[in-house]
Amino acid sequence: MRILYRLRALARSWFRPRELDAELDEELRFHLERQTRAFSEAGMAPEEARRAAALELGGFAQIRELASEARPGALARQLAKDAAYGARLLRRSKAFAAACVLIVALGSGAVTAVWSVVYGVVLQPLPTRSRSGSSRSSLAPRGSASRGRSCPRRTTATGASRAGRSSSSRSCGRSRTST
């Protein structure tokens, strides 16, 4: 239920921001009038009571700003505004836009090249020699789960193919079967 409330508040914040601003203005006016009435009943003159109430509540612009920052989706709204502003600036200056695209392309190409070298030299496992003298291209044990099956397939005396049963056994299905 709480998720539905949050989604509804997010949708309302995105699609009806003017309605939320109007409700906030109405609420601020209500609090200002209530505080003004309280000061008037305490014996202040009407103008002085209104001024004191406005000072006590704070600036309306600051309250509106804080309320809009507290609404759901405020970060996404600000990012969208910043992206639109950046796009407007890039549309004005074609040479600057071309330079930005070129810099991003060169940067991503450089990162890709460096990552390829690091992967090939540092991260990729080196070929090793096994005890029997044949070379393997991986440090994983022969027939391990990293190859997709637990043991290599063997053929029985009848010609049927079978797989070893236990990946933890060293013989990996090499026990002799009687025929």
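The values are calculated or read from the model by the stated rules, or taken from the named source; none is laboratory data. Bear in mind the structure is a predicted one, so any value in this text is a computation, not a measurement. Neighbour counts run over all protein chains shown; Cβ positions are idealised from the backbone, glycine included.
Scan the range 82-110 and report the pairs whose first residue is surrounded by 11 or more Cβ atoms within 10 Å (Cβ to Cβ) and whose second residue is in a helix (DSSP H, G or I) and not hydrophobic (A, V, I, L, M, F, W, C), with Cβ atoms within less than 8 Å and a gap of 6+ or a chain change.
Close Cβ pairs (under 8 Å, with a partner that is in a helix (DSSP H, G or I) and not hydrophobic (A, V, I, L, M, F, W, C)) amount to ALA97/ARG91.
Against the condition modelled with pLDDT of 65 or more and not assigned by TED's automatic domain parsing to the domain that holds ARG8, how does ARG131 come out, does it pass?
Judged against the criteria, ARG131 is a match.
Cβ-Cβ below 8 Å, separation at least six or inter-chain, first residue in the range 27-39 and under 14 Å from ILE63 (Cα atoms), second of a type in the set (D, E, K, R) and surrounded by 16 or more Cβ atoms within 10 Å (Cβ to Cβ): which pairs?
That search, which allows pairs on different chains as well, returns LEU32/ARG50.
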